[in-house]
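Data first, discussion second: the structure below is written as structure tokens.
The values are calculated or read from the model by the stated rules, or taken from the named source; none is laboratory data. Remember, predicted model here, so these are calculated numbers, not experimental data. Positions of Cβ are generated from backbone atoms using ideal geometry, with glycine treated the same way; all protein chains shown enter the neighbour counts.
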Amino acid sequence: MGGASSKHFEQISIDGKVLKAYSSKDPLCIVRAWIHELQMVAYSVRVRKKTNEIKAIPEILKLLSLEGKIVTIDAIGAQKDIVKLIRKKDEEYLLVLKGNQHQFYRDVRDFMLDVSEGNFDDVDYTYCKTEDTGHGRHEIREC
């Protein structure tokens with residue numbers, strides 16, 4: 001694409017995909033950067049054998065111009081080095097946490113419980129809601 005910075009894009013999702021049709025014994029695993037507004041992949045990187053998405057996500061992030069964008073990554077992206085790389089570019093991000101990320105998950109859960117008890121009065125925040133229909137489903141996202 002020659003650099004995603006030529007136009008302002010709001011959201012870039014980083015996600016891994018397994019292409020089983022490639023080979024049933026040795027499927028092709030990739031990590032891609034999906035630009036929502038254009039409904040297209042900006043970059044994709046192959047996940048090397050005997051590794052996982054955690055190694056490929058930084059490769060994708062280094063290729064992208066993230067100025068003015070929100071980066072979303074599923075739970076596998078909630079790694080210190082990945083977050084540091086996004087923050088180094090001084091951009092917004094949204095990560096999914098799961099219970100198997102023990103202390104990090106508990107810290108965020110406890111923080112959210114504390115501020116929700118106070119109706120978020122002491123917290124600077126913004127609210128966003130989007131709705132999309134596609135691929136046989138209707139999705140509502142609230143942040």
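Hey, among the residues in the stretch 21-50 that are exposed (fewer than 11 other Cβ atoms within 10 Å of the Cβ) and more than 30 Å from E131 (Cβ to Cβ), which one's modelled with the lowest pLDDT?
S23
Evaluate the following for K62: is it assigned by TED's automatic domain parsing to the domain that holds E37, closer than 20 Å to S44 by Cβ, touching a strand residue (DSSP E or B) at 6+ places or on another chain (Cβ under 6 Å) and not hydroxyl-bearing (S, T, Y)? Walk me through how you get there before you give the answer.
Details: assigned by TED's automatic domain parsing to the domain that holds E37: yes; closer than 20 Å to S44 by Cβ: yes; touching a strand residue (DSSP E or B) at 6+ places or on another chain (Cβ under 6 Å): no; not hydroxyl-bearing (S, T, Y): yes.
For K62, the condition - assigned by TED's automatic domain parsing to the domain that holds E37, closer than 20 Å to S44 by Cβ, touching a strand residue (DSSP E or B) at 6+ places or on another chain (Cβ under 6 Å) and not hydroxyl-bearing (S, T, Y) - is not met.
Looking only at the stretch 89-105, count how many residues are among the polar types (S, T, N, Q), loosely packed, with under 10 Cβ neighbours inside 10 Å and either outside any helix (DSSP H, G or I) or at positive phi (or both). Lay out the reasoning, then the answer.
Kept after step one, since they are among the polar types (S, T, N, Q), are these residues of the stretch 89-105: 100-101, 103.
Then keep just the ones that are loosely packed, with under 10 Cβ neighbours inside 10 Å; that gives 100, 103.
Applying the additional criterion that residues be either outside any helix (DSSP H, G or I) or at positive phi (or both) yields 100.
Qualifying residue count, the stretch 89-105: 1.
If I go through the stretch 106-143 residue by residue, how many of them are small (G, A, S) and either in a strand (DSSP E or B) or in contact with a helix residue (DSSP H, G or I) (Cβ under 8 Å, 6 or more places away or on another chain) (or both)?
First pass over the stretch 106-143, keeping only residues small (G, A, S): 116, 118, 134, 136.
This time we only want the ones that are either in a strand (DSSP E or B) or in contact with a helix residue (DSSP H, G or I) (Cβ under 8 Å, 6 or more places away or on another chain) (or both), so: 134.
Adding up the residues that qualify gives 1.
Go through the stretch 110-134 and count every residue that is surrounded by 10 or more Cβ atoms within 10 Å (Cβ to Cβ) and closer than 28 Å to E10 by Cβ.
8
May I ask you to list the residues in the stretch 92-129 that are of a type in the set (S, T, Y) and closer than 24 Å to D81 by Cα? Even if it seems obvious, please write down each step before you answer.
Going residue by residue through the stretch 92-129, those that are of a type in the set (S, T, Y) are 93, 105, 116, 125-127.
Result: Y93, Y105.
Among what's in the stretch 51-81 and is surrounded by fewer than 13 Cβ atoms within 10 Å (Cβ to Cβ) and not charged (D, E, K, R), pick the residue that is nearest to E92 (Cα to Cα). Working first, answer last.
Of the residues in the stretch 51-81, the ones surrounded by fewer than 13 Cβ atoms within 10 Å (Cβ to Cβ) are 51, 62, 67-68, 80-81.
Checking which are not charged (D, E, K, R) leaves us with 51, 68.
Values: T51: 27, G68: 8 Å.
Among residues in the stretch 51-81 that are surrounded by fewer than 13 Cβ atoms within 10 Å (Cβ to Cβ) and not charged (D, E, K, R), the one nearest to E92 (Cα to Cα) is G68.
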